[in-house]
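The values are calculated or read from the model by the stated rules, or taken from the named source; none is laboratory data. All values reported here derive from a predicted model rather than from experimental measurement. Cβ atoms come from the backbone with ideal geometry, glycine included; neighbour counts cover every protein chain shown. Heads up: the accessible areas ignore ligands, DNA and RNA and are worked out on the full protein's heavy atoms, side chains in. Shrake-Rupley method; radii C 1.70, N 1.55, O 1.52, S 1.80 Å.
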Amino acid sequence: MTNGSTRPHWWAQTLLFVVPALWSSNYLVARLARDVIHPHALAFGRWALAFALMLPFVGAGLLRHAAAVRREWKQLLVLGALGMWICGAWVYIAGQTTSAANIAIIYAAAPVAIAIVGVKVLHERMTPLQWVAMASALGGVLFVVARGELHNLVALRLTPGDVWIVGAALAWTAYSVLLKHWPSALGPGERLAAIIAGGLVALLPATVWEWVTAPLLPFTAQAFFLVALGAVLPGVLSYGAYSLLQRELGAARTALMQYLAPVYGALGAWWVLGEVPRWYHGVGAALILPGIWLATRPAAPPAR
């Protein structure tokens, strides 16, 4: 649904709150990967495993639609480079020199950018209430990042990693809009697998260069676990659901789920890393959750 005139399916609105939990696991992967596996190796291994897991289910369909793959190969390569290389390896690179707060505040601009571009390019409709709801969700993210104190936002320092995150946020905006803008003859699963293949092609040269120039890191059980976790949770499951949500809700409203990532990320850090959530996470969630609900609720039917 892109025009707000049709009531979305219940599963779409449910997934809108579930997918960010899968997505935010990538923050934990990025934090745990330092000194365990190099960024491009992690990204390439993650998506290679994801492709291998998907192939038994979509391989026959890809063969049947080989002509469509040949027609769309340029688009698949661009989407793969944006979604799997830049939004994959660049985030892992950034995590080595920037803070989680900086990542959150930079990525918080992406849903706004997607909404604006979605309205201009995809002709999606956003009501005044939905813009207010988006502002509420953005305010919740900033409150979490600031830890409830305005001076914490002012005190944020830019690092080299922030440049990588800005690039990743811009790439995610482009990926989200182009995924909706470019029509495809492939089914959702087949298209995702083909995009992953394009991403692997884009990742390969940088991965080889990293392997040649970076210090050798042994491939341990922990490294394999991070690759597998990245392939399944923030990989196949979240990207596949994101494509389905875009078809149901449109690019602008689907992008709002990204605002939940700092909240879910805090809960994940509590569970995995023992970092206890603070009061400002609760306030942020109180602003974000109603904002997402208001922005994605179906429009009222016209009066008769």
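Some observations on this one:
- Note on the range 27-144: enclosed helices (runs of 4 or more DSSP H) holding 3 or more residues that are at pLDDT 80 or above and under 16 Å from Ala174 (Cα atoms) are 73-80.
- Of the residues making up the range 218-238, those that are over 27 Å from Tyr264 (Cα atoms) and at pLDDT 95 or above number 1.
- Among residues of the range 200-236, those that are open to solvent by 60 Å² or more (accessible area, probe 1.4 Å), under 13 Å from Pro39 (Cα atoms) and within 22 Å of the chain's Cα centre (by Cα), counted: 1
- If you go through the range 163-199 and keep only what is outside any helix (DSSP H, G or I), touching a residue at least 60 places away in the same chain (Cβ under 8 Å) and open to solvent by 20 Å² or more (accessible area, probe 1.4 Å), you end up with Trp182, Ser184, Ala185, Gly187.
- Of all the criteria given as (1) modelled with pLDDT under 95; (2) under 15 Å from the mean Cα position of the chain (by Cα), the one not satisfied by Ile196 is (1).
- Of residues in the range 126-162 being touching a residue at least 40 places away in the same chain (Cβ under 8 Å) and β-branched (Val, Ile, Thr), the one surrounded by the most Cβ atoms within 10 Å (Cβ to Cβ): Val144
- For the range 264-280, filtered to residues that are modelled with pLDDT of 70 or more and surrounded by 15 or more Cβ atoms within 10 Å (Cβ to Cβ), the residue that is nearest to Leu179 (Cα to Cα) is Tyr264.
- Any pair with Cβ under 7 angstrom, 6 or more apart, that starts in the range 14-28 at a residue that is over 20 Å from Ile93 (Cα atoms) and ends at one that is part of a helix (DSSP H, G or I) and of a type in the set (Ser, Thr, Tyr): Leu16/Thr296; Val19/Ser238; Val19/Tyr242; Pro20/Tyr264; Ala21/Tyr264; Leu22/Ser238
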